[in-house]
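> Here it is, the structure in full.
The values are calculated or read from the model by the stated rules, or taken from the named source; none is laboratory data. No experiment lies behind these values; they were computed from the predicted model shown. Don't worry about glycine lacking a Cβ; one is built from the backbone with ideal geometry, like all the others, and counts go over all protein chains shown.
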Amino acid sequence: MKKILTMLLTLAMSFTLVACRTAEESVEIEESSRNKETTVEGGGANILIAYFTWAENAVLEEDVDVVTSPSVVVPGNVQQLATWIQEETGGDIFSIRVTDPYLSDWDACLERANEERGSDVRPELQENVENIDQYDTVFLGYPNWWYGVPMALLSFLEQNDLSGKDVYLFCSHGTGGLANSVEQIVETSPEAIISDSIFDCYEEEAASSEDEIRSWVNDLGYSFSEEPNDRDDTASQRQISVRIDDNTIVYALNDGSAADSLYEMLPLSVEVEDYSTNEKIFYPEEGLDTSNSPLAQGGSGTLAYYEPWGDVVFFYGEYNENPGLFELGQIVSGEELINQMSGTITIEIAE
Ligand SMILES: Cc1cc2nc3c(=O)[nH]c(=O)nc-3n(C[C@H](O)[C@H](O)[C@H](O)COP(=O)(O)O)c2cc1C
């Protein structure tokens, strides 16, 4: 029976190697909405790396031979890929684990995985992600199991709602490639924004794929910087203009999430007020998202957001740093006009 299973799998793997391209093309995967360079700071707080690997879902027998059975010894192939993504993004890492692990014997694992696939079961998981809502980007990794995903991956997707999140898939496989795995994921999480940029590698090349997977992550726009000051505040070249009568002040926005929020609100017509001796302020109708924004520290000419009060601040003098004060951008031209702001001003995307 076991020999037959192994033969069947080999056949399936060869078949899917030929079939996977057609299968992939038939799936409509939305282009990720994220198309800009993102420097992840503060530990990649909104990024989750979730993965399944056999090595962390196997009952390891004491006499297991690490040379002939490398798949059940940590790190598993997908686990290794996940670790590099975690290092590159600074995100949180989550290992999908079943409560009833698989035997470390290859044939026994194949047999159970085949039965689970055939009866469409959802293996019980040890735990779910704590507060999945805090993540807007998910890297999801898995091995090809029986020309698809391990059924535990479907348990994970059904219990952790990825709707509206940017999802990047990575997979390690034998000769079967991605096979039907992407279709299964799309079908189970139809509202997730699954990127068509998928990283996959042959099982024997996983351990030497570090450079490739780090480049893939960087090409997607993620690069974790340990140094908060590494941020290039004008990298995006997004400029906004503030019009006061016939005069214009121009700011360059940074790539932070609060600057994103402000940018999405434009154009705005707002009442500006005086505050203290160094600030002009206004209150946007909605609060800005500060989850991935640098603190303000740029001195006079800084455009900032003070989260405790919900006001946007145009500084025309020095100020003290504050844990609730986030930088949105820096002055480009017209700094001498800031202290003349009064009444209604118009803020637009600069031409
Ligand atoms: C139960 C089981 C089923 C598998 N089925 C396939 C398959 O259908 N096609 C394929 O290309 N590889 C298949 N493989 C090979 C794995 O996808 C591959 O070894 C992968 O690199 C394992 O990653 P991991 O070490 O993180 O578990 C299977 C492996 C196992 C254990």
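> Where residues in the stretch 187-197 are under 20 Å from Met151 (Cβ atoms) and not charged (D, E, K, R), which of them is surrounded by the most Cβ atoms within 10 Å (Cβ to Cβ)? Break it down stepwise before answering.
Initial filter on the stretch 187-197 (under 20 Å from Met151 (Cβ atoms)): 187-190, 192, 194.
Retained after the next criterion (residues that are not charged (D, E, K, R)): 188-190, 192, 194.
Values: Thr188: 16, Ser189: 22, Pro190: 9, Ala192: 21, Ile194: 26.
Result: Ile194.
> Follow-up question, since we're still on this one. Across the stretch 323-351, what is the number of residues that are within 29 Å of the chain's Cα centre (by Cα) and in a strand (DSSP E or B)? So that I can check it myself, show each step before the final result.
At the first step, the residues of the stretch 323-351 found to be within 29 Å of the chain's Cα centre (by Cα) are 323-330, 349.
Going one step further and asking which of them are in a strand (DSSP E or B), we end up with 325-330, 349.
Total meeting the criteria: 7.
> When you scan the stretch 310-322, do you find a residue that is under 25 Å from the mean Cα position of the chain (by Cα) and closer than 19 Å to Thr346 by Cα, even just one? Before the answer, list the steps.
Kept after step one, since they are under 25 Å from the mean Cα position of the chain (by Cα), are these residues of the stretch 310-322: none.
The answer is no; no qualifying residue exists.
> Given the criteria within 17 Å of Asn218 (Cα to Cα), at pLDDT below 95, within 12 Å of the ligand (Cβ to nearest atom) and out of contact with any Leu (no Cβ under 9 Å at 6 or more places or on another chain), does Thr39 qualify? First the steps, then the outcome.
Details: within 17 Å of Asn218 (Cα to Cα): yes; at pLDDT below 95: yes; within 12 Å of the ligand (Cβ to nearest atom): no; out of contact with any Leu (no Cβ under 9 Å at 6 or more places or on another chain): yes.
No.
> Here is a further query. Which residues, taken from the stretch 253-271, are surrounded by fewer than 20 Cβ atoms within 10 Å (Cβ to Cβ), in a strand (DSSP E or B) and not hydroxyl-bearing (Ser, Thr, Tyr)?
Leu268, Val270, Glu271
> Right, here's the next one. Can you name every residue in the stretch 92-123 that is touching a Phe, Trp or Tyr at 6+ places or on another chain (Cβ under 7 Å), surrounded by 21 or more Cβ atoms within 10 Å (Cβ to Cβ) and not hydrophobic (A, V, I, L, M, F, W, C)?
Within the stretch 92-123, Tyr102 is the sole residue that qualifies.
> Can you name every residue in the stretch 58-88 that is modelled with pLDDT of 90 or more, away from the ligand (no atom under 12 Å from the Cβ) and out of contact with any helix residue (DSSP H, G or I) (no Cβ under 6 Å at 6 or more places or on another chain)?
Answer for the stretch 58-88, where residues must be modelled with pLDDT of 90 or more, away from the ligand (no atom under 12 Å from the Cβ) and out of contact with any helix residue (DSSP H, G or I) (no Cβ under 6 Å at 6 or more places or on another chain): Gln86, Glu87.
> Which residue, of Ala50, Ala55, is at pLDDT below 95, surrounded by 15 or more Cβ atoms within 10 Å (Cβ to Cβ) and of a type outside the set (D, E, K, R)?
Working: Ala50 fails: at pLDDT below 95.
Criteria check complete, one pass: Ala55.
> So, of the residues in the stretch 302-351 that are aromatic (Phe, Trp, Tyr) and touching a helix residue (DSSP H, G or I) at 6+ places or on another chain (Cβ under 6 Å), which turns out to be surrounded by the fewest Cβ atoms within 10 Å (Cβ to Cβ)?
First, the residues of the stretch 302-351 that are aromatic (Phe, Trp, Tyr): 305-306, 309, 314-316, 319, 326.
If we keep only those that are touching a helix residue (DSSP H, G or I) at 6+ places or on another chain (Cβ under 6 Å) as well, we get 305, 314, 316, 326.
Values: Tyr305: 26, Phe314: 26, Tyr316: 21, Phe326: 24.
Selected residue: Tyr316.
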